[in-house]
Amino acid sequence: MRFLTHLLLMFAVALVVGFGLSWYALSDGRLFGAYRVGPWAAWPAAGSPTPDPYTRAHIARTGALQLGQSEGLEFVASTDSQGRPLDRACTYRVHGTTPVASFWTLVAEAQDGTNIARSEGEEAMHSARLARNEDGTAVIFVGKRLSPLNWLEITGDGPFSLALTLYDTAAFGGVGSGADTLPAIDREDCA
């Protein structure tokens, strides 16, 4: 009986560790192909002709259409810079600089990937229509309440994520690519 108990315990530990590491590799991926800068995460090999197995599994799990490596790169944040999940009841200040890119967009998305911007307003913030500070940085407010300067109005309740897509970018292109200069996400206040 003792042998059977140890055998069942061994199988349980193996299943928990195996499935746990697989889930971690596909969701966080920090050790398995994902690149993280603060709250932002990207899978740089997602658009390559031969992605690594972890990136392929991430693509299959998310089911999202990926940009080719020469087309651009998408960074996604589901937490603020302090690690708290993004909540639609709060207002967030996205500030700083982005890596060099010909064009970029910032979109607020629900858990299922649908755009949660107010339908009568801007569906996304983009680099062509943005008020910038004198030093070239930008401040974008994301929330339900009116905010100054650049404001991305969102609707609904519950968690959400921000997707920053850089088009024709030099991120991960080598020295001075600027992939480590992504904007910070700070929680301002909550309703």
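Okay, here's what the table says:
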{"item": "Neighbourhood charge, 12 Å Cβ-Cβ cut-off, centred on Val94 and excluding it, Lys, Arg +1 and Asp, Glu -1", "result": "-1"}
{"item": "Segment 104-119 - phi-based ³J(HN,Hα) in whole Hz, Karplus 6.51/-1.76/1.60, Gly and Pro as x", "result": "9, 10, 10, 10, 8, 10, 6, 4, 8, x, 7, 6, 10, 5, 4, 5"}
{"item": "From phi via Karplus (6.51, -1.76, 1.60), per-residue ³J(HN,Hα) for segment 4-17 in Hz, x at Gly/Pro", "result": "4, 5, 5, 5, 5, 5, 4, 5, 5, 5, 4, 5, 5, 5"}
{"item": "Net charge, Glu120 excluded, C-beta distance under 14 Å - Lys, Arg +1, Asp, Glu -1", "result": "-1"}
{"item": "Pairwise FRET efficiency - Thr181 versus Ala131, Cβ, R0 = 25 Å, nearest 0.05", "result": "0.80"}
{"item": "Relative packing of 112-124, 133-145, which averages over residues the other C-beta atoms within 10 Å, highest first", "result": "133-145, 112-124"}
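Any read-out appearing in this document is the output of simple, stated calculations on the displayed coordinates, not a laboratory observation. Since the structure is predicted, the reported quantities are computational estimates derived from the model, not experimental observations. We place every Cβ from the backbone using ideal geometry, glycine too, and count neighbours over all the protein chains shown.
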